[in-house]
1. Which residue out of Glu362, Glu346, Glu335, Glu339 is in contact with a Ser or Thr (Cβ under 7 Å, 6 or more places away or on another chain) and either among the β-branched types (Val, Ile, Thr) or within 16 Å of Ala295 (Cα to Cα) (or both)?
2. For Ile184, are the conditions met, namely being at pLDDT 85 or above, surrounded by 12 or more Cβ atoms within 10 Å (Cβ to Cβ), assigned by TED's automatic domain parsing to the domain that holds Gln85 and within 22 Å of Val67 (Cβ to Cβ)?
3. Please state which one of Pro293, Pro302 is part of a helix (DSSP H, G or I), of a type outside the set (A, V, I, L, M, F, W, C), under 20 Å from Ala337 (Cα atoms) and touching a residue at least 12 places away in the same chain (Cβ under 8 Å).
4. Return the total of residues in region 54-91 being more than 31 Å from the chain's Cα centre (by Cα) and basic (Lys, Arg).
5. For region 81-101, does any single residue satisfy the condition of being at pLDDT below 70 and surrounded by 12 or more Cβ atoms within 10 Å (Cβ to Cβ)?
6. Counting only residues that are exposed (fewer than 13 other Cβ atoms within 10 Å of the Cβ) and within 55 Å of the chain's Cα centre (by Cα), which one in region 201-219 is farthest from Leu83 (Cα to Cα)?
7. Considering only residues that are of a type in the set (A, V, I, L, M) and not in a loop (DSSP other than H, G, I, E, B), which ones fall in region 330-358?
8. Pull out all pairs, ordered by first then second residue, where Cβ-Cβ is under 6 Å, the residues are six or more apart or on different chains, the first lies in region 307-336 and is in contact (Cβ under 8 Å) with a residue 12 or more places away in the chain, and the second is charged (D, E, K, R) and assigned to a helix (DSSP H, G or I).
Amino acid sequence: MGVFGLSYYVFLTQSAREGDGALCPPCHFNLQFFADEEKTEEATPRKRQRARQRGQVPRSSELSTVVTLLAGFMALRAGGSYLLQKMFLCFQSGFSSDRLNTYLDEANLAQLFNSTLHTVLGAFIPVGLSILTVGVLVNFLQTGGLFTLEPLKMKFDRLNPIAGLKRMFSPQKLVDLFKALFKIIGVFIIIWNTFKSRVFPIAETNVYYPPLELAGMIWQLMFTIVLRIILLLLALAVFDFYYQRYQHRKSLRMTKKEVKDEFKQTEGDPMIRNRIRQKQRQLAMRRMMQEVPKADVVITNPTRLAIAIKYEADKMTAPQVLAKGQGYIAAKIREIATEHQIPLVENKPLARTLYQTVEIGELIPPNLYQAVAEVLAFVYKLRQRR
């Protein structure tokens, strides 16, 4: 119940108790008018499918970014020597005497540009392909290969300022703020500790290092810093991945009324479905009872079960069950059989076996041929006597 509704109800109650009922007689309000039904039910498969069609799937951008960054950095780490060799050859050829003494006309500039471009692309294409492949794979695993243009459509409800304020102060924004602070503080701590343990001691020694050795030290330092930052962001990405899945399930929750309405839309009103099934049972029962007069014999239990059997040697390969039932239906089958002078034969084991194993309209199985044949032979003898 909303705060306004509760306060108003308390005010009316106090006024009535203090004698203000003469001016404002006691009023009775339905407190459910002020209540918002909570969404406590998990989303149905139909609602999850509709949300997926609209592009609403749990996806962590943090995980995609971190894994892609890790893949690119490891590719640089694995192919760093090849990359440095290609770039070194490119600079070496660019500052060679032949290249410096070349007349820069339009043709020579085009040739210089093409050769440099091929060298740079050949060096960075493996890294770019690894980043692209990992990025596509991570997003595919998170979304299941979903491709839709629904999120790109214009939605005017997003221009609502009240809804915008709610989104600004939503729990999602607090989580985003926590992630941003976690990144800033974590990166700062990692960089500070690394410089404190490795860079500051080297700077205090005042030792001269050759350029190649210094470049290797800087590269190793960068690798250490970036790797630690990536591991930190990976831990944050795992948390964000599970949080996004939880938030997605929470956003799709439904009220009990919504679940009932959707069930009615998909399955139909339960009362109507029960009525349809009842009509279907009645029609099936009527058709079955119309077949009983065609039977040659009715095998009984004697009072609980009744199975009507028909056999035509020139048309059937085996006797056929025309009708069966228990209780009231069995009594009705016996009544119709008596009216049409169809013999009733009591055989409890056979009646029970036929009722449990043979459906209406099916032929009896071979393991019951002998038992049914004995019953039919008995019935044929009765007809001959008559």
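1. Values: Glu362 fails: in contact with a Ser or Thr (Cβ under 7 Å, 6 or more places away or on another chain); Glu335 fails: in contact with a Ser or Thr (Cβ under 7 Å, 6 or more places away or on another chain); Glu339 fails: in contact with a Ser or Thr (Cβ under 7 Å, 6 or more places away or on another chain).
Only one candidate passes the filter, namely Glu346.
2. Details: at pLDDT 85 or above: yes; surrounded by 12 or more Cβ atoms within 10 Å (Cβ to Cβ): no; assigned by TED's automatic domain parsing to the domain that holds Gln85: yes; within 22 Å of Val67 (Cβ to Cβ): yes.
It is false that Ile184 is at pLDDT 85 or above, surrounded by 12 or more Cβ atoms within 10 Å (Cβ to Cβ), assigned by TED's automatic domain parsing to the domain that holds Gln85 and within 22 Å of Val67 (Cβ to Cβ).
3. Pro293
4. Summing the residues that are more than 31 Å from the chain's Cα centre (by Cα) and basic (Lys, Arg) in region 54-91 gives 2.
5. yes
6. Ranking the candidates gives Pro201 first.
7. Of everything in region 330-358, those that are of a type in the set (A, V, I, L, M) and not in a loop (DSSP other than H, G, I, E, B) turn out to be Ala330, Ala331, Ile333, Ile336, Ala337, Leu344, Val345, Leu350, Ala351, Leu354.
8. Lys310/Lys294; Leu322/Glu291; Ala323/Glu291
The values are calculated or read from the model by the stated rules, or taken from the named source; none is laboratory data. Owing to the predicted nature of the structure, the values given are computational and were not obtained by experimental measurement. Neighbour counts are summed over all protein chains in view; Cβ atoms, including those assigned to glycine, are modelled from backbone coordinates with ideal geometry.
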